[in-house]
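A short worksheet on the structure shown next.
Throughout, read-outs are computed from the coordinates displayed, never taken from laboratory work. On a predicted model such as this, the values are computed, not experimentally measured, just so you know. Neighbour counts are summed over all protein chains in view; Cβ atoms, including those assigned to glycine, are modelled from backbone coordinates with ideal geometry.
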Amino acid sequence: MEEIEGRNSSETRPPHPNPSITSAFRQCQRNDPVILPCRKSLVRHASLQTKMKLSAEDVTEDCQTDFLPNIRSGGYADIGFRSSMEDVYICVDNFMQEHGLNRHIDGPSAFYGVFDGHGGKHAADFACNHLPKFILEDKDFPVDIERIVASAFLQTDNAFAEACSLDAALASGTTALATLILGRLLVVANAGDCRAVLCRRGKAIDMSRDHKPVCMKEQRRIEASGGYVYDGYLNGQLNVARAIGDWHMEGMKCKDGGPLSAEPELITTKLTAEDEFLIIGCDGIWDVFRSQNAVDFARRRLQEHNDPAVCSKDLVDEALKRKSGDNLAAVVVCFQQHPPPNLVAPRSRVHRSFSAEGLKELQSFLDSLEK
């Protein structure tokens, strides 16, 4: 995902693990972004005065169970066929413990995110570093988690605007998808065209919606905010309807709102024993994978080696084989210690019956044999 014009990103190499980065923030690629203090104020876009939340019948069902996920995760990124790398991801399996929070919750606490930069990597790096901090530093965390996460997205966007005002070289944008696991609760917040897909007993369940300008809901919001969609692009410039950053692009954002929104859509579910793993990835993955196809592929790989980090690399490598033309980043989060089981489809009973005409023909045949 990129701007049509105005790309100013520099040449970079594919990301590699950096041992100097704390293990909690594995593979969160950085270019020493500006670190700003946490702001508690929240400025909402005028076009988004009502809370937006996805609903899905498969996801909102609440199965009564004592199941608690046993978290394992891994991620992988590749520059692909692009000249520069602008995708970033983060994996934190012990979100609260790593940051010394002693607020008790039953079960794990984890944070995962993917950020797909455009016009440079600064916004993606900035969001990767600041978004989890704004979540953790909220005095109400982990209570009222949906409000906290939505607020953190907008705080990150506002903080990046301030950083860009101090250093114009940071000007860029990024889509963002963040996933929190708190006990059994799975929360996914998305702004842009990254995607999260849950595997529930082999079935793919979309946990996010791609924010493309051509989507009817997004187009209505864009037009109500003074923008327009031309040839599938927001204001003829961006092929996403929501993103963090892009404050330098004329007509996209202002303090009173604008057609480009950083407010995420959220969807939550309570994990059950049937939930096997979650895939989150930037749009370079989903350009060549359908959700169910990705789940089927990842499931087969996990059955072979049961390693989420290797599975993430498998997804990226397969996307390259399928000629994805973008940077690639994927994270796989497993909820069980054992690999996904083989699914045996139950045999349905087949009821057979003869018509009166068929019975007559059969009787005639038997009578002929007796003669």
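For Ser83 and Ala168, what does the FRET efficiency come to when R0 = 22 Å and r is the distance between their Cβ atoms, rounded to the nearest 0.05? Don't skip to the end; give the middle numbers.
Working: r = 23 Å, r/R0 = 1.02.
So, using R0 = 22 Å, E works out to roughly 0.45.
Would you list Thr269, Thr175 from fewest to most Cβ contacts within 10 Å? Intermediate values should be presented prior to the final figure.
Working: Thr269 22, Thr175 31.
By the 10 Å Cβ count, ascending, the order reads Thr269, Thr175.
Could you list the residues of the range 111-148 with an amide nitrogen less than 20 Å from a label point located 7 Å from the Cα of Asn102 in the Cα-to-C-beta direction?
Residues 136-143 qualify, since their backbone N sits under 20 Å from the label point.
Longer than 21 Å from Cα to Cα, which of Lys217/Lys323; Lys139/Lys270; Lys121/Lys253 are they? Say none if no pair is. Intermediate values should be presented prior to the final figure.
Values: Lys217/Lys323 30 Å; Lys139/Lys270 24 Å; Lys121/Lys253 19 Å.
Over 21 Å apart, Cα to Cα: Lys217/Lys323; Lys139/Lys270.
So for Leu328, Leu186, Leu362, fewest C-beta neighbours within 10 Å to most, what's the order? Please report the intermediate quantities before stating the final value.
Numbers: Leu328 30, Leu186 24, Leu362 11.
By the 10 Å Cβ count, ascending, the order reads Leu362, Leu186, Leu328.
Set the Förster radius R0 to 51 Å, insert the Cβ-Cβ distance between Asp296 and Asp367 as r into 1/(1 + (r/R0)^6), and round the FRET efficiency to 0.05. Write down the numbers at each step before the final one.
Numbers: r = 54 Å, r/R0 = 1.06.
E(calc), rounded to 0.05, equals 0.40.
When Tyr76, Tyr230 are ordered from fewest to most other Cβ atoms inside 10 Å of their Cβ, what list results? Before the final figure, lay out the partial values.
Values: Tyr76 23, Tyr230 11.
Going from least to most buried by this count: Tyr230, Tyr76.
I need the calculated FRET efficiency for the pair Leu68 and Tyr228, taking r as the beta carbon distance and R₀ as 30 Å, to the nearest 0.05. Show your work: numbers first, answer last.
Values: r = 48 Å, r/R0 = 1.59.
Once rounded, the FRET efficiency stands at 0.05.
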